[in-house]
Amino acid sequence: MYGSGWPTRGASRSSVFWRSILLLLGHLLATAAVFVALFTLGWLVSCAFNYLNSIHKFPSTILILLTHLEVGLVYIDAGLSGAVLLAGIFRFIRDVLESY
């Protein structure tokens, strides 16, 4: 019955699919925002360390430690963003497969 106001089976699948698409896009935007925020934080920390090093040279061991911390922050950022992205993709696939 098309005039009863109840969604048909095909419309229900379509609405679940589009809802899943919108959730995935929202998830991607949130992941991008977190990645950019953490990457910007790492860049600002790097700029601050370089500025402080230009004023007064750090000992080589401290400079190596700070470089490792900067690189570690980038790796943590990439790992967290990748994990969140994969979680969103798996959720999207699960939602689409559950609707069929």
Give the residues of segment 48-61 that are within 34 Å of the chain's Cα centre (by Cα) and open to solvent by 70 Å² or more (accessible area, probe 1.4 Å), sorted by residue number.
ASN50, TYR51, LEU52, SER54, THR61
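Let me confirm something: among ALA78, ALA11, which residue is open to solvent by less than 80 Å² (accessible area, probe 1.4 Å) and at pLDDT 85 or above?
ALA78
The values are calculated or read from the model by the stated rules, or taken from the named source; none is laboratory data. This is a predicted model, so every value here is computed, not measured. Only protein heavy atoms, including side chains, enter the accessible area calculation; ligands, DNA and RNA are left aside. Shrake-Rupley method; radii C 1.70, N 1.55, O 1.52, S 1.80 Å.
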